[in-house]
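Written out below as structure tokens is the structure these notes cover.
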Amino acid sequence: MNRLKNIIGALILSAAIPSAFAADDSGARYIFYFIGDGMGMGPVMAAQNYNRAVLGNSAPLTMMQLPVAAWCQTFSYSSPVTDSAAAGTALATGSKTRNGMLGMAPDSTSVTSIAAELHDRGYGIGLVTSVAADDATPGAFYAHVPYRKMSYEIDCQGVESGYEYIAGASYGGFTDKEGRPTDLQQRIDDAGISVLYGASSLGEHPTRRVMLFGDETARPWNVSYTIDSVAGALTLPAMTADCLAHLEKYSPERFFMMVEGGNIDHALHANDGGAAIKEILNFDQALALAYDFYLRHPDETLIVVTADHDTGGLALGTNFLGYNNKLELYDHQRVSKEAFSDYCKSVLNSRRIYTWDDMKEYLADNLGLFGPLEVAPEREQQLKDMFDLTFEQRNSHDQNTLYANFNQFAVEVFRTLNDMAGVGFTTTHHSGNPVPVFAAGPGADLFKGFNNNSELPGKILRSAR
Ligand SMILES: [Zn+2]
């Protein structure tokens, strides 16, 4: 059945993607596909301005140093605002599809990803993400399911993919909805895949096929945020370096790596400007590893950097501050909105006596507010009112986004912080804004112009040897 699906997929792929492969020795044999999930140009410019004006780095972000810079539009088959499943499918297979569908055309036929195509041609394949390894973006490179949340089915297809290296926070299919173990571990064992956990197993490459997941420092949906600096946690640059070492060991002649900055999207869904900036800088550090590799093998290495869509509609400049952006405020932020929300919930659950002064002390230490950052009296009153409602009256209307549920006081605090920094958001979902494309290496010129997301995988294949 799966073979049939692959054949059908290949037929559709050949219709969707121009098949003019570079058959000679002139194309790329090392391919890096970096996808910043949710990383529209607004968040990139926020990170670059922070990098330049706050960190004082005169060199721009690595992605901005690549010789080709272009645009990409991201609409899905079903909406001008795509979700990550439809966007991942377009970026991986060249087929636009309906929001929610993964690795399938709108009529539910399977479509083949460039990773599968290149694997068939002898490339080693590595997929790395800072979120779950069966989330939409990595999943689009090996799975075919009508609904992106079908973790067990996606995970089984990850096992069947034959790919050399799959790394992320977790796989969700080890247990079913009732929490009973599934046969996923058995399938992984039967396929000869080594499953490794946590940063302590970085550097181990015991078998040709490896899956690397987070240990107890991770959440199921991400390896932890860069801004939370969780001791011993996996990071995107560390996983990227490990994947590269693995592929250089087992597939030194040719390989394809997809690296997803998945936490960029989670931070933007949370409207957490500081966390998003730190995730983009982290993603750019992972990219720098590929860029170093490219500088050593410039005629054989293609790097393509893009995003699956914009999240949050982030823009620098709001009516609160006009032209006075204050990105340096984020320098005082030590916790993500997710971690702060968890802290608020734990305070509520503990039932201990917790006063406004206690909270102000926490905010000063972890977010700068009421410490190095002065808070205007009317702002303090707003925060105090929300504190009273949440912690004294215990009347909480939490905010739900795609990945998290936020305590309402945490929402108010981060709204205040973004206002004071001059960073605006239009949504806690995705936006239809275009996203950047950066490229270097053989075939990079193909990416010039205003791309459609479904064109990118075909251009990568045309650049491959
Ligand atoms: Zn998203």
Worksheet item: Taking region 436-455, which residues are in contact (Cβ under 8 Å) with a residue 24 or more places away in the chain and touching a helix residue (DSSP H, G or I) at 6+ places or on another chain (Cβ under 7 Å)?
Response: P436, V437, F438, A439, A440, G441, P442, G443, F447, N453, S454
Worksheet item: Pick from region 281-340 the residues that are without any contact (Cβ under 8 Å) to a residue 40 or more places away in the chain and part of a helix (DSSP H, G or I): which of them is nearest to the ligand (Cβ to nearest atom)?
Response: D292
Item to complete: Please find, among P457, P436, P442, the residue that is touching a strand residue (DSSP E or B) at 6+ places or on another chain (Cβ under 9 Å), within 19 Å of G312 (Cβ to Cβ) and crowded, with 19+ Cβ neighbours inside 10 Å.
Response: P436
Worksheet, complete the sentence: In region 224-275, anything closer than 26 Å to L329 by Cβ and hydrophobic (A, V, I, L, M, F, W, C) is listed as I227, V230, A231, A233, L236, I264, A267, L268, A270, A275
Practice prompt. Could you please tell me which pairs satisfy a Cβ distance under 6 Å, a separation of 6+ or placement on different chains, a first residue in region 29-43 that is closer than 25 Å to S251 by Cα, and a second residue that is more than 11 Å from the ligand (Cβ to nearest atom) and charged (D, E, K, R)?
Written response: R29/R254; R29/E300; R29/R465; Y30/E300; I35/E260
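The rows are residues; the columns are (1) surrounded by 13 or more Cβ atoms within 10 Å (Cβ to Cβ); (2) within 16 Å of the ligand (Cβ to nearest atom); (3) in the same structural domain as A270 (by TED's automatic domain parsing).
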site	(1), (2), (3)
M359	yes, no, no
P372	no, no, no
E380	yes, no, no
K384	yes, no, no
S396	yes, no, no
N400	no, yes, no
Practice prompt. Considering only region 73-88, state which residues are in a loop (DSSP other than H, G, I, E, B) and within 11 Å of the ligand (Cβ to nearest atom).
Written response: V81, T82, D83
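Looking only at helices (runs of 4 or more DSSP H) that fall completely inside region 130-245, which ones have 2 or more residues that are among the acidic types (D, E)? Before you say what the answer is, go through the steps one by one.
Details: elements: 136-139, 151-160, 184-190.
Per the criteria, 151-160, 184-190.
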Worksheet entry | Candidates L91, L127, L118 - the one that is part of a strand (DSSP E or B) and either in the same structural domain as V230 (by TED's automatic domain parsing) or within 16 Å of the ligand (Cβ to nearest atom) (or both) | L127
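The values are calculated or read from the model by the stated rules, or taken from the named source; none is laboratory data. Everything numeric in this text was worked out from a predicted model, so none of it was measured. Cβ sites come from the backbone with ideal geometry, for glycine too, and all protein chains shown count toward neighbours.
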